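Please read the structure below before turning to the comments.
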Ligand code: SF4
């Protein structure tokens, strides 16, 4: 993000593709609704127990998520509460870590030490703020914020690699502005659902190879990358091979319709590709296919008035 302006609601966004302050609320609502409709069912998303969430965060630091699930369940079967873990032999915790191939054993040591701290220094009750959580052994800013968000709904906007990729592509945010952009986007006081939702977007839809349409990304109508066809990102330095793809043309259609109340389809066709000829290979039939897909996705409405067929954003 460059040349940031202060929006009317105090948010800082700028650049051609950045959303107006008025667009922020629909973007927030669209993302949360998309997340609530469907998301990966990780068991730690079903709990607000800070101990269980801390265990999941520490395990996820070095281990693929599908292997974390059974390890997390076994760990909590064996040590269901922070008191149980604090009372455990450290060597047993380390042995568990090794057996389940969870990465560096010092993480098991730190986790055990953190449990001991919670029991001894906090009477067994987890602190609730990111700052206090960072006082626990091995708990850095990212993990502290994740626990504060997911256990207490009391965190800041998460900024990890996935979230940076989303912000870069969708809002043209660049280095130095990720924290402020992520914070401005997050609805105040809703860190639990918001961080889950935007991390899900980065993991499922806006992956290195983006799945904008397949995943029904809720931000397509606002997304800079989707509209320009440039899907590079900080961790994706070369363009994924979408040049000339249907996705790129869908993006152009959405961008053009965003600038017009409605457009007649041939006019639209000529604007999105120079070789558009109504009866040719890339003509009305091809364009109607794209528009129908966008219609099915709830993005575009086609008005077929016989002689004059028009399209507009819904
Ligand atoms: S439209 Fe595509 S590139 Fe844009 S945020 Fe969604 S998944 Fe990412």
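Numerical summary
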{"item": "Cα gyration tensor shape of the stretch 246-313, rounded if a/c is under 1.5, else prolate or oblate by comparing a/b with b/c", "result": "rounded"}
{"item": "Nearest-ten-degree value, helix 21-37 long axis tilted from longest Cα axis of the chain", "result": "70"}
{"item": "Ordering of 28-40, 143-155 by burial proxy (mean other Cβ atoms within 10 Å per residue, highest first)", "result": "143-155, 28-40"}
{"item": "Angle between the chain longest axis and helix 191-200 axis [Cα atoms, degrees, rounded to 10]", "result": "60"}
{"item": "Mean residue ellipticity (222 nm) of the chain, computed from DSSP H runs ≥ 4 via -39,500 (n - 2.57), nearest 500", "result": "-15500 deg cm²/dmol"}
{"item": "Distance between the stretch 288-314 and the stretch 86-160 - C-alpha centres, whole angstrom", "result": "52"}
{"item": "Geometric extent, Cα atoms of the stretch 39-141 - Rg, Dmax (angstrom)", "result": "12.8, 37"}
{"item": "Size-normalised alpha-carbon gyration radius of the chain, reference 2.2 N^0.38 Å", "result": "1.20"}
{"item": "Using alpha-carbon coordinates, inclination of helix 65-78 to the longest axis of the chain, degrees", "result": "30"}
{"item": "Relative contact order of the stretch 49-152, defined on C-alpha pairs under 8 angstrom at six or more residues apart (%)", "result": "32"}
{"item": "Relative contact order (%) - the stretch 246-313, alpha-carbon pairs under 8 angstrom, separation at least six", "result": "36"}
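The numbers here are math on the coordinates, done by the rules we state, and not lab data. It should be emphasised that the depicted structure is a prediction, and the values quoted were computed from it without experimental measurement. Because the Cβ atoms are built from the backbone with ideal geometry, glycine has one as well, and the counts that use them run over all protein chains shown.
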